[in-house]
Each structure stands twice: as structure tokens, then as C-alpha cells.
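All remarks here apply to the structure that follows.
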Amino acid sequence: MSDESDGDRHPDRIERALRAYLQRCPNAADTLPGVMQCWLRDMHPAAPRQAVLTALERLVASGVLTRRRHPDGTELYVARGPGRVP
């Protein structure tokens, strides 16, 4: 049995946490490290990078977030704004 919480490692739970954050902050925008440090700061233990990335990609695919790539390769995840979080 693992001593890590499967719930915090699971993209579905992370996606719900991200949706809740976006309800509170509908104009949010951040990089993957920023999302992990700020948007998910209350998730313990910390959510693994790959699970967060999976959840973010789901939110991009569903239209809740957009992903913008900067010239230096940095990707920014941007909320679609008020009223856009299903």
C-alpha cells in the first residue's frame, strides 16, 4: 500500500480542484509551475506534474482554458473568463 494519496494523484480530482479555483478566479493565467504552486497550493500531498498536465489538457480540450505558447516556449494556461467555466 502506498503512503501517497491516490486522490491527489488522480487527474479527475485535480481537474475538479482547478475548476473550483477558476470559479473563484475566472481571469486566472499561469504557467504549469505557477498552476502547481498557486492554483493547487491547498492540495496535499502536492499533485504530480504529469497528473496536473493531464487535467490542464482536459480543461483546454473542453474550452475552459486556452493555452498560449510564448516565443521562448513557455506555455501559459489562461481562463476563458467569467461565465466560461462549466
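The values are calculated or read from the model by the stated rules, or taken from the named source; none is laboratory data. Predicted model, so just to flag it, every value in this text is computed and none were measured. So basically every Cβ, Gly included, is an ideal-geometry build from the backbone, and we count neighbours across all protein chains shown.
Can residue 78 be described as in a helix (DSSP H, G or I) and either basic (Lys, Arg) or in contact (Cβ under 8 Å) with a residue 12 or more places away in the chain (or both)? So residue 78 does not fit the description; no. Only one entry of 24, 13 meets the criterion of being surrounded by 16 or more Cβ atoms within 10 Å (Cβ to Cβ) and modelled with pLDDT under 95, and that entry is 13. Comparison of 33, 71, 45 shows that the only residue that is assigned to a helix (DSSP H, G or I), exposed (fewer than 13 other Cβ atoms within 10 Å of the Cβ) and not acidic (Asp, Glu) is 33.
The combined condition, being at pLDDT 95 or above, buried (at least 16 other Cβ atoms within 10 Å of the Cβ) and farther than 19 Å from residue 26 by Cβ, is not fulfilled by residue 65.
For the stretch 31-86, the tally of residues that are closer than 14 Å to residue 13 by Cβ and among the aromatic types (Phe, Trp, Tyr) stands at 1.
Screening residue 8 with (1) at pLDDT 90 or above; (2) in a helix (DSSP H, G or I); (3) surrounded by 12 or more Cβ atoms within 10 Å (Cβ to Cβ) gives one miss only, at (1).
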